[in-house]
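Enquirer: I have a structure I would like to understand better, so I am pasting it below and will then ask my questions one at a time.
The values are calculated or read from the model by the stated rules, or taken from the named source; none is laboratory data. It should be emphasised that the depicted structure is a prediction, and the values quoted were computed from it without experimental measurement. Note that we place each Cβ from the backbone using ideal geometry, even for glycine, and neighbour counts take in every protein chain shown. To get the accessible areas, we keep the full protein, side chains included, count just its heavy atoms, and leave off ligands, DNA and RNA. Shrake-Rupley method; radii C 1.70, N 1.55, O 1.52, S 1.80 Å.
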Amino acid sequence: MGKDVIIALDFENRAKTMAFLDQFTEEKPFVKIGMELFYAEGPQIVRDIKARGHKIFLDLKLHDIPNTVKKAMAVLSGLDVDMTNLHAAGTKAMMEAALEGLTRPDGTRPMLIAVTQLTSTSQERMESDLLIHEPLDKVVMHYAKCAAESGLAGIVCSPLEAGKVHETCGKDFVTVTPGVRFADGEVGDQVRVTTPAKAKEIGSDYIVVGRPITQAADPVVAYRRCVSEFVG
Ligand code: C5P
C-alpha cells in the first residue's frame with residue numbers, strides 16, 4: 001500500500017486555497033477537499049486543483065438511498081478524483097450501489113472508503129439518539145467489516161484503530177486517519193491524537209493532516225516533516 005500524507009484543504013474559498021497551494025513549488029501533495037470548499041466553489045474547484053497535478057480525496061460523506069448515491073457517485077467519478085467516501089450507515093446495499101456508480105466504463109474507479117461512526121459521536125449519544133447499544137469500538141469494527149464485504153477499499157478511522165482494522169479486514173484494506181499532530185504541536189479540538197511517526201508504526205496507510213500544515217509558519221516545511229516522519 002502506498003503510504004501518503006493528505007493535506008486537508010479546510011479553506012473557505014478558492015482564493016485562500018490557491019494561495020496556500022501556490023507555496024508548493026516542488027511537490028504536489030495529495031489533498032482533501034471537504035464540504036465547505038466544495039459547496040462554496042462547486043465542482044470546478046476539483047477540476048482546477050486536479051489540473052494543477054494534485055491527487056484529490058473528495059470528502060463529501062454521501063448517505064442516501066442506493067439509487068441516488070449510485071448516480072451521485074457516477075458524477076464524482078467523472079470529476080476524476082482519486083478517493084471519495086460515504087457513510088457505512090447507509091447499508092451494504094448503498095455501498096454496493098456506490099461502487100457501481102463510481103466504476104468507469106474502462107473498469108477503473110476512485111478509491112471508495114467508508115466513514116464508520118463519526119468521532120464526534122459518543123457512546124452515550126449513539127445509545128440515546130441512534131438506539132445502538134453495542135460498545136462503540138465494536139460498532140466501528142462491524143461497519144468496517146460491512147464496508148470490506150461490500151468491496152470498498154477501506155475506511156476513515158483513528159490512527160489508534162488502524163492496527164485492529166487491518167487485523168479484522170486484512171492488511172490491504174486501507175486506513176485513512178485524521179487526528180494527527182506533531183509531538184511538539186498544538187492539539188486544537190482533536191481529542192485522541194497521534195504523531196505521524198506513531199501512525200506509521202500502528203499501520204495507517206494515509207494520514208489526513210489539516211492545521212498542523214495549513215496553519216504552520218511554513219506549510220511546506222511542515223508538510224515535508226510529516227512526509228519524512230510518516231513515509232520515511
Ligand atoms: O486540522 P486537522 O488536522 O484537525 O484536520 C483534520 C481533517 O480531518 C479535517 O478536515 C476534519 O474534518 C477531518 N476529520 C477528522 N476526524 C474525523 C473525520 C474527518 O478530523 N473523524
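Enquirer: List the lysines whose Cα lies under 19 Å from the Cα of Lys198, skipping any in the same chain that are fewer than 8 positions away.
Expert: Lys3, Lys164, Lys171
Enquirer: Within a Cβ distance under 14 Å of Ser120, other residues only, what is the Lys/Arg minus Asp/Glu net charge? Walk me through the numbers before you get to the answer.
Expert: On the way: positive: Lys61, Arg125, Arg192; negative: Glu124, Asp129, Asp189.
Around Ser120, the charge tally is 0.
Enquirer: Something else: Principal axis extents for the chain, Cα atoms only, whole Å, descending order, please.
Expert: 45, 40, 32
Enquirer: At what distance in nm do the modelled label points of Arg125 and Thr91 sit from each other, each positioned 7 Å from its Cα along Cα→Cβ?
Expert: Here the answer is 2.5 nm between the modelled labels.
Enquirer: If you don't mind, another one. Please build a GNM for the chain, connecting alpha carbons under 10 Å apart, and tell me which residue among Gly154, Gly107, Gly170 fluctuates the most.
Expert: Gly107
Enquirer: Here's another thing I want to ask about it. Where does each of Cys169, Cys157 land when they are ordered by accessible area, with a 1.4 Å probe and the largest first? Show your work: numbers first, answer last.
Expert: Details: Cys169 30, Cys157 10 Å².
Putting Cys169, Cys157 in descending order of accessible area: Cys169, Cys157.
Enquirer: Compare Asp82, Asp189, Asp205 in a GNM of the chain, Cα atoms joined below 10 Å, and give the one with the largest fluctuation.
Expert: Greatest mean-square fluctuation among the candidates belongs to Asp189.
Enquirer: For the range 1-133, what is one quarter of the convex hull surface built on the Cα atoms, given in nm²?
Expert: Working: hull surface 39.1 nm².
Mean projected area of the Cα convex hull: 9.8 nm².
Enquirer: Rounded to whole Å and sorted largest first, list the principal axis extents of the Cα atoms in the range 5-77.
Expert: Largest to smallest, the principal-axis extents are 42, 20, 20 Å.
Enquirer: If you count only protein heavy atoms with a 1.4 Å probe, what accessible area per residue comes out for the chain, rounded to a whole Å²?
Expert: On the way: 11060 Å² over 232 residues.
So the chain comes to 48 Å² accessible per residue, rounded to a whole number.
Enquirer: Between Ala183 and His133, what FRET efficiency follows from the Cβ-Cβ distance if R0 is 22 Å, with the result rounded to 0.05? Kindly include the intermediate steps, with their values, before the conclusion.
Expert: Numbers: r = 37 Å, r/R0 = 1.70.
Step by step, r from the Cβ atoms, then E = 0.05.
Enquirer: Turning to a different aspect of this structure: With only alpha-carbon pairs counted, each pair once and no self-pairs, how large is the Kirkwood hydrodynamic radius of the range 72-205 in angstroms?
Expert: Values: mean 1/r = 0.0635 Å⁻¹.
Over the range 72-205, the inverse of the mean reciprocal pair distance is 15.8 Å.
Enquirer: Calculate the FRET efficiency for Asp80 and Lys145 from the Cβ-Cβ distance with a Förster distance of 25 Å, rounded to the nearest 0.05. It would help to have the intermediate numbers written out before the result.
Expert: Working: r = 30 Å, r/R0 = 1.20.
Efficiency at R0 = 25 Å is approximately 0.25.
Enquirer: Next question, about the same structure. When the expected Rg is taken as 2.2 N^0.38 Å, what fraction or multiple of it is the alpha-carbon Rg of the range 1-46?
Expert: Values: Rg = 11.3 Å, N = 46, 2.2 N^0.38 = 9.4 Å.
That ratio works out to 1.20.
Enquirer: Please list the three semi-axes, largest first and in whole Å, of the ellipsoid equivalent to the range 60-104, using sqrt of 5 times the eigenvalues of its alpha carbon gyration tensor. Let's see the in-between values first.
Expert: Working: eigenvalues 50, 22, 13 Å².
With the √(5λ) rule applied to the range 60-104, the semi-axes are 16, 10, 8 Å.
Enquirer: Report the longest stretch of the chain that contains none of the GluC sites (Glu not before Pro) sitting in a DSSP loop with at most 16 other Cβ atoms within 10 Å.
Expert: Details: sites that count: Glu12, Glu26, Glu27, Glu186.
Excluding the exposed sites themselves, the longest stretch runs over 28-185.
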